[in-house]
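Below is one structure, written out as structure tokens; the observations come after it.
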Amino acid sequence: MKKAGKHPRSAQAPVSVITGAAGFLGSHLTDLLLKRGHRVIGIDNLVTGSVDNISHLAGNRSFRFIEQDVTEFLFIDSPVDYVWHFASPASPVDYLELPIQTLKVGSLGTHKALGLAKAKGARFLLASTSEVYGDPLVHPQPEEYWGNVNIVGPRGCYDEAKRFAEAITLAYHREHGVATRIVRIFNTYGPRMRLHDGRVVPAFVSQALKNKPITVFGKGLQTRSFCYVSDLIEGIYRLMLGDYSLPVNIGNPREMTMLEFAEAIIRATGSRSRIVHRPLPQDDPRQRKPDITKAQQLLQWKPVVPLRKGLSQTIAYFQTRI
Ligand code: UDP
């Protein structure tokens, strides 16, 4: 296995391939890697990603964009040091609309991205998800928890695609000796989330900014724990440079109910919105909070951006989009 903390071809600028580079997380990762001296090749089929997220990189000679579906063969003619596999629809509304593409990118797409890493002798990182824990019966969720997923429910296409993706990633590690990393990403928020992706942060913030009713699903007693995007990306970067190949949770353990979250958004925006209740979607996890002991010990990482500060940056972004 490659040494921790060292780029495989240390003499030159490291080359990173990012699938899903035009997405919310992929584009922030692209920015961080460019800042840290990487050359970045971004791949995206723009199904849920947007060129707006990478348009500021036009003319940057260290960045190249390939518009492609990553379930097709990935042909890259240069050496590659790191493959970061971020392509996938990621909001419940998106993967309900695109169940087959979600299953394909998690399975066939992960296979292609791993094949690329193997062919290039590159290190590989899979963007997995807290959804592998399903509607968790263990709280908070440590990496050792096997999860409680409804395979045939509406979220099954995403959850099972990512569970398969983790399994094939470890198979490539064990069988082919590819240096692999798996991050389980918990709810993350920040600029470049899509206004209409249906997730709670864009939904509540846009409703609040328009003084429209805030749609809390169910009684709003279900919990989530929100991590600001810069914290998440820093944790993922450290994970890639480390030498640990089993899954690691990255997220913010500050847990709140959706009712509390709605109130926090109303306060942060100074909105006149009131809260209304809508039916709870099927299989909506009742609670979610990462156990980040592993990330703290292995990566010396913990989130540092407080909710108030993260929200104010996110709100400022959405103000420009509404
Ligand atoms: N949610 C809500 N109102 C909305 C959108 C979402 O109350 O308009 C709730 C949703 O039911 C879930 C939580 O917010 O309990 C987080 O939903 P999201 O779609 O952001 O992602 P999830 O964590 O469920 O994957």
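The values are calculated or read from the model by the stated rules, or taken from the named source; none is laboratory data. The model shown is predicted, which means the values in this text are computed figures rather than measured ones. Because the Cβ atoms are built from the backbone with ideal geometry, glycine has one as well, and the counts that use them run over all protein chains shown. These accessible areas exclude ligands, DNA and RNA; they are computed on the full protein's heavy atoms, side chains included. Shrake-Rupley method; radii C 1.70, N 1.55, O 1.52, S 1.80 Å.
Brief remarks on what is shown
- Hits in segment 77-113 (condition: assigned to a loop (DSSP other than H, G, I, E, B) and touching a helix residue (DSSP H, G or I) at 6+ places or on another chain (Cβ under 6 Å)): VAL80, PHE86, ALA87, SER88, PRO89
- Of the residues making up segment 66-78, those that are open to solvent by less than 70 Å² (accessible area, probe 1.4 Å) and farther than 21 Å from ILE185 by Cα are ILE66, GLN68, ASP69, THR71, LEU74, ILE76, SER78.
- Residue among GLU175, GLU160 that alone is more than 23 Å from LEU25 (Cα to Cα), at pLDDT 95 or above and assigned to a helix (DSSP H, G or I): GLU175
- Qualifying residue in segment 125-137 (condition: closer than 15 Å to ILE185 by Cα and among the β-branched types (Val, Ile, Thr)): yes
- Of all residues in segment 15-37, those satisfying the criterion of being crowded, with 21+ Cβ neighbours inside 10 Å and assigned to a loop (DSSP other than H, G, I, E, B) are GLY20, ALA21, ALA22, GLY23.
- Where a residue in segment 201-223 is open to solvent by 30 Å² or more (accessible area, probe 1.4 Å) and its partner, wherever it lies, is of a type in the set (Phe, Trp, Tyr) and more than 8 Å from the ligand (Cβ to nearest atom), with Cβ under 7 Å and at least six apart: LEU209/PHE318
- One residue from THR269, THR293 being surrounded by 19 or more Cβ atoms within 10 Å (Cβ to Cβ), away from the ligand (no atom under 14 Å from the Cβ) and among the hydroxyl-bearing types (Ser, Thr, Tyr): THR269
- When VAL216, VAL183 are checked against the criterion of being within 11 Å of the ligand (Cβ to nearest atom) and outside any loop (DSSP other than H, G, I, E, B), VAL216 stands alone in meeting it.
- If you check MET240, MET258 for being open to solvent by less than 20 Å² (accessible area, probe 1.4 Å), under 30 Å from LEU125 (Cα atoms) and either within 14 Å of the ligand (Cβ to nearest atom) or not basic (Lys, Arg) (or both), only one passes: MET240.
- Residues of segment 112-127 that turn out to be surrounded by fewer than 24 Cβ atoms within 10 Å (Cβ to Cβ) and touching an Asp or Glu at 6+ places or on another chain (Cβ under 9 Å), as a count: 3
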